[in-house]
1. Can you name the number of the only condition in (1) surrounded by fewer than 18 Cβ atoms within 10 Å (Cβ to Cβ); (2) more than 21 Å from ILE456 (Cα to Cα); (3) within 16 Å of ligand 2 (Cβ to nearest atom) that GLY391 fails?
2. For region 216-238, indicate whether the set of residues that are of a type in the set (Val, Ile, Thr), closer than 23 Å to GLN80 by Cα and assigned to a loop (DSSP other than H, G, I, E, B) is non-empty.
3. Please go through region 63-88 and pick out each residue that is over 16 Å from GLY6 (Cβ atoms) and in contact with a helix residue (DSSP H, G or I) (Cβ under 8 Å, 6 or more places away or on another chain).
4. Got at least one residue in region 70-85 being crowded, with 19+ Cβ neighbours inside 10 Å, closer than 17 Å to ARG138 by Cα, modelled with pLDDT of 95 or more and away from ligand 1 (no atom under 16 Å from the Cβ)?
5. Quick check, is THR396 out of contact with any Pro (no Cβ under 9 Å at 6 or more places or on another chain), away from ligand 2 (no atom under 16 Å from the Cβ) and of a type outside the set (Phe, Trp, Tyr)?
6. Confirm whether SER210 is assigned to a loop (DSSP other than H, G, I, E, B), crowded, with 24+ Cβ neighbours inside 10 Å and within 16 Å of ligand 1 (Cβ to nearest atom).
7. Look through region 420-441, keep the residues that are surrounded by fewer than 24 Cβ atoms within 10 Å (Cβ to Cβ) and either of a type in the set (Val, Ile, Thr) or more than 21 Å from the chain's Cα centre (by Cα) (or both), and return whichever of them is farthest from GLY79 (Cα to Cα).
8. Which residues, counting only those in region 471-498, are touching a residue at least 60 places away in the same chain (Cβ under 8 Å), charged (D, E, K, R) and assigned to a helix (DSSP H, G or I)?
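The values are calculated or read from the model by the stated rules, or taken from the named source; none is laboratory data. Values in this document were obtained by computation on a predicted structure and should not be read as measured data. When we count neighbours, we look across all protein chains shown, and the Cβ atoms used for this are built from the backbone with ideal geometry, even at glycine.
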Amino acid sequence: MKYVIGIDLGTSAVKTILVNETGDICAEASKSFPLFHEKAGWSEQNPDDWVTGTIGALQDMMALTKASPEDIAGISYSGQMHGLVLLDQEHQPLRNAILWNDTRTTKQCEEMTAALGEDLLRITRNRVLEGFTLPKIRWVQQNEPEIFEKASLFLLPKDYLRLKMTGDVHMDYSDAAGTLLLDVAKKEWSSTICEAFDIPLSFCPPLADSTDQTGTLLPDVAAKTGLGEGTPVFAGGADNACGAIGAGILTSGKTMCSIGTSGVILAHEEDASRDFEGKVHFFNHGKKNAFYTMGVTLSAGHSLQWFKETFAENESFDQLLAEVGDIPPGAGGLLYTPYLVGERTPHPDSVIRASFIGMDSAHTRAHFARAVMEGITFSLQESINLFRNEGKTVDTVISIGGGAKNDVWLQMQADIFHAKVVKLQNEQGPAMGAAMIAAAGSGLFHSLEECAAVFIKEGTVFMPNEERVEQYKSLFSIYQTVYDQTKSINEQLQPFRA
Ligand SMILES: Nc1ncnc2c1ncn2[C@@H]1O[C@H](COP(=O)(O)OP(=O)(O)O)[C@@H](O)[C@H]1O
Ligand SMILES: O=C(CO)[C@@H](O)[C@H](O)COP(=O)(O)O
């Protein structure tokens, strides 16, 4: 029996899975790492925490299996997108990584839009947003010039992890698309953008397709993890591209909903020239020469995580959510907007913050928990609305990520999205996508599609309940008014933030 390993470098943790050639998960392990929020809107991680965590998770996982290291055909990666890892000439990090959910770069985004605006949108197919990598590079250029002077290369999170495991420097197209430096349709670094922002082309790593082999496991990493020296390693992809592969979004038709730290609604796109005018993101897929489009809620799972940490620190998610299914749609008139760190789709706004509207003395903690889940799902419905308005059919949604562990939430998704929601037999979408990249890259399968036919196993299906669909339509219209009505209040509150 042959096996592959998928590594998903998430924001809250790294997850590793060992998958056999029939797509069964034979062992898994996970290690979490801290997030640093030194100032309001800042979000950083120590890149070496990712490496230590991954080696620890691989050690734990290999201790759980009798699979022999020689039978592991390949390893690949899925990674949190956009995070800036700045390296010196010896490939050592010069500072903490600045992550996708860090919103310190509003000034840089405004300057960049004024300087290149429509050209940037035409080349990168995306609007300039705080979360993307290029504004973070500009921020370091302007605010930490002594650090930038020493920088010779930038990488994204999973590419740094792969570098430390193989010694090889590469970035795959699906992750490179989220930097704002890639000409997405031409699949090359944009010299126009590099020149406009004083970035030498040598600062950008060599590019690869997700299924390309990019080195082998270094001897010391093999020794520490119990894996074989020389195990082939494949480039991998952005977590949302890998989530899409793991959910079988390899042709148009189905839509993916991912609730991890962020929340994503994603659809496949064959046509490189399809123009969404920057209203949703448009990126290269992990499947060769394909694309996907997606809307992003910055604080999806993060909202529920924050709520749990603040009000139910010592309880599990299952304990916290035990009673939410008993509360009817609308959480007794309580509405939540999930703007804890600002928002991306459909309101690109780093200043807006979250709200609970309609608190009543009859409300219990369970009403608040339900309101948080509904608010996150309403925010994702905004992206589904955008897709439907662009002519895309959204009738079947494959739901993945930590949020897909809760059946009440999956039924809520079916009712709010007014679509059939399908749960997979495991919710490890991005890690499974990474394992599938290793399986296709190593030749266990001829293509990702062939691998998907064997690896992807659908589980429970949640059908929309027409009565609740109607209730949620009314509630969603009310939800949509909250952004405009709280925008100016949040602008006035901004100076008081820590
Ligand atoms: N049992 C559960 N029920 C509902 N939601 C959950 C559960 N477990 C985790 N989650 C949600 O999933 C999120 C983590 O999802 P995950 O896909 O692991 O994130 P990431 O890839 O960003 O690290 C948590 O923040 C939480 O909101
Ligand atoms: O910024 C984005 C997508 O543009 C995020 O989706 C990150 O890629 C983080 O993903 P999770 O940790 O939530 O999986």
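1. (3)
2. No; the residues of region 216-238 include none that is of a type in the set (Val, Ile, Thr), closer than 23 Å to GLN80 by Cα and assigned to a loop (DSSP other than H, G, I, E, B).
3. PRO69, MET81, HIS82, GLY83, LEU84, VAL85, LEU86, LEU87, ASP88
4. Within region 70-85, one or more residues are crowded, with 19+ Cβ neighbours inside 10 Å, closer than 17 Å to ARG138 by Cα, modelled with pLDDT of 95 or more and away from ligand 1 (no atom under 16 Å from the Cβ).
5. Judged against the criteria, THR396 is a match.
6. No; evaluated as a whole, the condition is false for this residue.
7. Out of the qualifying residues, it is LYS420.
8. Scanning region 471-498 gives LYS487, GLU491.
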